[in-house]
Structure formats: C-alpha cells, structure tokens
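Enquirer: Next up is a structure, given as structure tokens.
Read-outs throughout are calculated quantities, based only on the coordinates presented, and are distinct from any laboratory measurement. Keep in mind that what you see is a predicted model, and the values were worked out from it rather than measured. Cβ placement follows ideal geometry from the backbone for every residue including glycine, while neighbour counts extend to all protein chains displayed.
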Amino acid sequence: MGPCPSCAAPFGAGTPLVDDRRLRQHAGPRPDDWPELRFAFQAWRAGDVHQMVGVCLQALGFSGTSFVERNGCQYWPAVPRTGVLFLFSDPRRSLVGVESPIVRLPARLAVPALRFLLSTNGQLNGHARYVLRDHVVVLRFAKRLEGCSPPELVQAVREVAARSERMTDLMSATFFAEPIAPEVRKTGLDPVCLGIPRELRMLSAAGDAAAPAAPTVSSARFAPPSSSPPPPSSRPAAPASAQPPAPRAASSPAMPVTAHGGGRSAIIEETQQRLAFAERFAALMEETLRRGQTHQEHVALVGLVQRAAIFRAHHEFASALPKAVAVLFGVGRSLVEQPPKLRARGFFGRGDVPNPSLLAPTFARLARDLGDVTGSPPSATPPRFASAAILKAHLRELMEDLESMPIDPSTKSFVLLGAVAESMLRAAMTPAMAEQLATTYAAATNEPPLRAVAMLRHALARLAS
C-alpha cells in the first residue's frame, strides 16, 4: 500500500504525526483518545450538529450556551475573556465553523487593510483566515460537517480566540479601527457580523425586457453615439469664450500624503513582517512545550529538545526578536554549555541533567507574549567551538545517541535542526559551507519527518567527517 503521504510512516506502524499522542492522522482522531468528546463523536457521526457543538462548548468551559437562528443558520455565541466569538452551522451548505468579529475599519482605510489581511492570510499556519465584511474584520474558520471532527472544532475555537485577541490591538493601533466587542455587547450581533447570506438581485432571463429602462440624458455630450451626424440645426452652439474651468475651491483640508502613500505602506509592511515573525516564534515555543509534555518521562530528551529550540530561535529570529533570543540563552545557559547525553544518563535517568521544568515557564511566557520582552536583557550567546575536533566529537556523539534511542522521527528532526543551527552559530566554516547548511535547514523544515531526518543526518555527517 505504500507509506503514509503525510508523514512517510508505513501503514500500521502507528507512528503519530504530530506531538500530541492523541492525534493520529493515519485513521483520524479516535473517540477513545478524547474521552471528554465521546458524546460529540456520536453526535458527529449521526449528523446532530446541536449536540456536537454543545459538547464541544462544554469541553471548552462554556456552559449554558443556547443558539439563535437567523435566516436558516444557527449561531452559538461564546463569551471569552475579551472579544466576541461564536460557532455557526449552515444546514443548507452543510457547513460548521467559528467566527470572531474583531474591529470596524474606517472606510478610507479599507483597501490598505484588505491588502494587509490578504498578505497575513498567506503566512498563517492554522486553518482560520481573516475576511473583510462591510468594513468589519472577521476571523473565520469554516468546514463541511462531515470533514470537521469534534477535536478539530475545539482546536479551531482556541485558535480563533487567541488570534482575534492579538489582531484587535494590532488593527486598532495601525488602522485606527474600533474594536467590535463593546458595540456587539451593547446592541447584539448584526447581520454583518454574523455573516448571514444575503440574496443578490439577479438579472432576469428575459434580458432587456425585464431590465430597468436607462435614464434619459438630455445633454448632447453624454448622448449615445449615432451612425449619422446630427443635422446642423440640432448641433449645440459653441460657447462664446472657450476658457478652461476655474479650479474648484477646497472645502476641507487635504489629507496628508502618508495616509495612502508610501509612508503608510511602509508601516503596514513593517507591521506585517513583525507580526509574522512573532507568530512563528510563538509557534516554535508552543511546539517545544508540547514535545516536552509528550516526553516528560525522558528528562534528558526534553533537555535536548529545549536546547535545540534555543539554537533554532537564534537562527530564525536573532535579527527580528533579539531580546527574546537573549532571554532564552540566559535561562538555558546550563543546557547550552553542557548538553545532556542520553546514553550516559540513561534514557529514563535523571542524574545531573538540568531540570527542564525550570525552563518551561519561560517558554510559555514568550509564547503568550509573542516574544515581547520588556527591558534590555544582557546578551548571552555561547562561545565558539575551540577546534574542529570538538565540533566533530559533539556531532558524532549526538547522532549516535539519537540513533540508539527509540525516538519518533518528528522529535529526531527537531533535535537535528537544532544541531544544524548550533553548528552555523558556533563553528568556524567557509561561507559556501554556511550557505549550504542554511539551505538544508530551510528545506528540511518543509519536508516530512523521515525525509527531513535523512537530509539533516547527511549534512551533519559531512560536517563531522
């Protein structure tokens, strides 16, 4: 049958694709792995949207939520800490999803805001996307009911709630937008925010007979063209003095050029890049925490994962988020200077390995704050390798440890990416070799785990040989 197209693992091997051991994309999520959503799975298979959404909301901590029905669509409003969020179901199109109205934009800034949202959508990792609905920015997730399992719907609610809170502050500061939450809590959800489908007037099949008559134009300047010129008596007389019209007096002060010109475009582009880097940095921190929870019994392996995350953060975000990277090197100095050894300490042993739980709060705080650090933390980059022999011995020992331990390919590729980033930071190498390692690093991040492990192992073997 061949390997799985998602993670390249053979069918029947049971290798999980993602870090959460309860998610398996070979056969989809299983009800036994999600006991809190057991009744939601039963309702999903039976096509009962109301029961499924109710159980999912209870699992998220929203109790006593009732739905409202408008124009054939059902809406379940939820009340997070900030903002507005609701689940919806469209039986006519068999859709279920999550929406969160964020801000209301000024009409004059709708076009640059739309460009910003389109560019941001191309860089998001999740399934939710930003839409502009009558000058209201809405974060929307929608999927057909048969393809949206209860765990996916729960994850979509969490993603939409987190992203909408971050985007509210950004859009308010950049585009002078008004948050929609106070307005909605006073007046309720209007059709624009709810996204109720609105019927558009269609042209009749009869053609010109049913079409409204065109208005009569009396001016010869706007008259329709004719095949023959009008008679001389019907031609309009020429004005007595053909002078250019006087310039129109300005009734209001002119807008500054930077409102729609290069100044605001540069601000939008800079804000978009900053948001993209912050989102990617937070995703790296969250991935590190998830891997640590998955392998929490293997203290030495968790230490290697955190160490790899520190070097990966330096390689990818040293120029964009230097303060956050400095904080990581400061709290993880013991891991950076003395990496834990799996075979020497034992896969389950603790020994003198630094306690990974001491670093977890820092990773969680940086993920929550999107790498925003107050103050100026001191720079704490590690020293370079004293010689090539030390680098080669370090890489050989790391690869031998990873090969001898039962580690899943996804975690192995994560640790090897950190080893490549560490080599580019601490080893003295030619520009051509550094460029080759950087190219391999970038390519491996977009490959399945097994193929990424093979690419990284080959690059490190060449470096250690």
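Enquirer: Compute the relative contact order of the range 276-464 as a whole-number percentage, counting only Cα pairs closer than 8 Å that sit 6 or more residues apart in sequence.
Expert: It comes to 26 percent, rounded to a whole number.
Enquirer: If you don't mind, another one. Once the piece of chain linking Glu286 and Gln436 is laid out straight, how much longer is it, given 0.36 nm per residue of separation minus the C-alpha distance between them?
Expert: Difference between extended and current length: 51.2 nm.
Enquirer: Another one. Calculated FRET efficiency, Glu403 and Gln273, Cβ-Cβ r, R0 41 Å, to nearest 0.05?
Expert: My answer for the efficiency is 0.60.
Enquirer: Something else now. Scan around Leu85 for amide H atoms under 5 Å from its own, H built in the peptide plane at 1.01 Å from N, and keep only partners 5 or more places away or cross-chain.
Expert: For Leu85, whose amide H was placed from the backbone, the distant partners under 5 Å are Ala78.
Enquirer: Here is a further query. Given Cβ point charges of +1 (Lys, Arg) and -1 (Asp, Glu) and nothing else, what value in debye, to the nearest 20, does the dipole of the range 31-194 about its Cα centre take?
Expert: 420 debye
Enquirer: Using packing as a proxy for protection, rank 86-95, 415-424 so that the peptide with the highest average count of other Cβ atoms within 10 Å comes first.
Expert: 415-424, 86-95
Enquirer: In addition: By per-residue mean of other Cβ atoms within 10 Å, what is the highest-first order of 176-182, 443-449?
Expert: Sorting 176-182, 443-449 by mean packing, highest first, produces 176-182, 443-449.
Enquirer: Suppose the chain between Leu425 and Arg93 were pulled fully straight at 0.36 nm per residue; how much longer would it get relative to their current alpha carbon spacing?
Expert: So the chain would gain 114.3 nm between Leu425 and Arg93.
Enquirer: Same structure again: Could you line up Met455, Met285, Met167, Met52 from fewest to most neighbouring Cβ atoms inside 10 Å?
Expert: Listing Met455, Met285, Met167, Met52 from fewest to most nearby Cβ atoms yields Met455, Met167, Met285, Met52.
Enquirer: Here is a further query. Based on the alpha-carbon gyration tensor of the range 31-194, what equivalent-ellipsoid semi-axes (square roots of 5 times the eigenvalues) come out, in whole Å, largest first?
Expert: 28, 16, 14
Enquirer: Then there's this: Please tell me the relative contact order of the range 383-465 in percent, rounded to the nearest whole number, where contacts are Cα pairs under 8 Å and at least six residues apart.
Expert: So the answer I get is 43 percent.
Enquirer: Going toward the positive end of the dipole of the range 31-194, with +1 on Lys and Arg Cβ and -1 on Asp and Glu Cβ, which of Val157, Leu114, Cys73 do you reach last?
Expert: Leu114
Enquirer: Between His135 and Arg368, what's the calculated FRET efficiency when r is the beta-carbon distance and R0 is 25 Å? Round to 0.05.
Expert: Efficiency for this residue pair is about 0.25.
Enquirer: Still on this model: If you take the square roots of the eigenvalues of the alpha-carbon gyration tensor of the range 276-464 and sort them as a ≥ b ≥ c, do you get rounded (a/c under 1.5), prolate (a/b over b/c) or oblate?
Expert: rounded
Enquirer: Let me ask something additional. Taking 0.36 nm per residue of separation and subtracting the Cα-Cα distance, what length does fully extending Ala393 through Leu114 add?
Expert: 95.2 nm
Enquirer: With charges set only on the Cβ (+1 for Lys and Arg, -1 for Asp and Glu), what does the dipole of the range 276-464 come to about its Cα centre, in debye to the nearest 20?
Expert: The calculated dipole for the range 276-464 is roughly 280 debye.
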